[in-house]
1. Testing the spin-label approximation: label points 7 Å from Cα along Cα→Cβ at residue 297 and residue 141. State their distance in nm.
2. Taking neighbour Cβ counts within 10 Å as the exposure measure, how do 189, 6 sort from fewest upward?
3. How long are the semi-axes of the equivalent ellipsoid of the chain, defined as square roots of 5 times the Cα gyration tensor eigenvalues? Whole Å, largest first.
4. Run through every distinct alpha carbon pair of the stretch 141-230 and return the Kirkwood hydrodynamic radius in angstroms, one decimal place.
5. Tell me the mean residue ellipticity at 222 nm calculated for the chain from its helices only (DSSP H runs of n ≥ 4, each -39500 (n - 2.57), averaged over every residue, nearest 500).
6. Quote the Stokes-Einstein diffusion coefficient, in whole µm² s⁻¹, for the stretch 42-149, based on the Kirkwood radius over alpha carbon pairs, a temperature of 25 °C and a viscosity of 0.890 mPa s.
7. Can you find, among 140, 153, 13, the residue sitting farthest towards the positive end of the charge dipole of the chain, where Lys and Arg contribute +1 and Asp and Glu -1 at Cβ?
8. Could you give the angle, 0 to 90 degrees to the nearest 10, between helix 88-109's Cα long axis and the longest principal axis of the Cα atoms of the chain?
Amino acid sequence: MKTIIVTGGTGFLGSNLCIRLINEGNKVICIDNNYTGRLENIKEIETNANFRFIKHDICEPLEITEHIDQIYNLACPASPPAYQGKHSIDTTKTCVFGAINMLELAKKHNATILQTSTSEIYGEPLVHPQVETYRGNVNPIGIRACYDEGKRCAESLFFDYHRHEGVDIKLVRIFNTYGPKMDPNDGRVISNFICQALSGQDITIYGDGHQTRSFCYVDDLIEVIIRMMNSSFGFIGPVNIGNPNEFTIKELAEMVVDKIGNGSKIIYKDLPSDDPTQRRPDITLVQTKLNWTPIVQLNEGLDKTIKYFKTQINLFKKG
Ligand code: UDP
């Protein structure tokens, strides 16, 4: 049995990860300030003797007395509407101070620490699909910069703690992911489209809908994050993780309309600034090193996600 910290543990990915780690017999300490996370996400494990939730903001140092084996650092608002508003400064702080505090904790406990970085570090990519060696094209003063540059700085901190402090790090770059435990109000495209369709509202495409994304189902993503954490010593990444099947946002809207119907029309709204035109991971590295390929394709994943959002639709506030 390992003792594992998951920061951002009440969020979409964090809660899915906590549940999987508990089911595999580990002791899990879930850390979150619940800024975008939801306690409801951890309901099914909150009474498990091996699970503990600590409400804490990782911008502040964290003291844990028992020995920690592994730390998964997921804490950070991840949806563009969540990080572009009045909490943009908190987002940078969480990326930077949070990384320092968790790296210090890893150093103290001699724990392996995995950083969840993001495809956003590639910005508006000029290389397609994106390979790990591509250094990106980020607008450092744009509305996405708090997240993009925050996550870039966190990558740099992880590598410096590895080089100079000997911390055992792992670094993954997550591409768009979806599935159960997403917040119906977090404003991302899949949650918005499904909740709009389920509640009979119009489906809002930003821009002309020709921009692309590649969507990974959450179970596939959790599997590879765990594989990366437990990969052989010395393989630190960065490694892209995501599903390389690429769709336009218009294609996604049409799939959701076909599946749910409900009279929703597709309407077009302004494209937010710095919205990447295309995004698709090159996953050769992860396939080779971790023998991982995503299994759940969008058609099946959307069905599972629609089923989940039917249980949440009373919480959807947009309209
Ligand atoms: N998007 C959209 N309608 C929505 C929400 C998002 O057309 O209601 C677009 C958004 O402009 C972007 C893509 O869908 O081009 C993916 O957006 P999301 O916020 O899910 O994540 P991103 O990949 O931009 O971080």
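Values in this text are rule-based calculations from the coordinates and carry no lab data. Just so it is clear, the model here is predicted, and its values are computed rather than measured. A quick note on method: Cβ atoms are made from the backbone with ideal geometry, for glycine too, and the neighbour counts reach across all protein chains shown.
1. 4.6
2. Lowest to highest Cβ neighbour count: 189, 6.
3. Listed largest to smallest, the semi-axes of the chain are 30, 22, 18 Å.
4. For the stretch 141-230, the Kirkwood estimate is 16.1 Å.
5. Value at 222 nm, helices only, nearest 500: -11500 deg cm²/dmol.
6. 155
7. 13
8. Orientation of helix 88-109: about 30 degrees from the principal axis.
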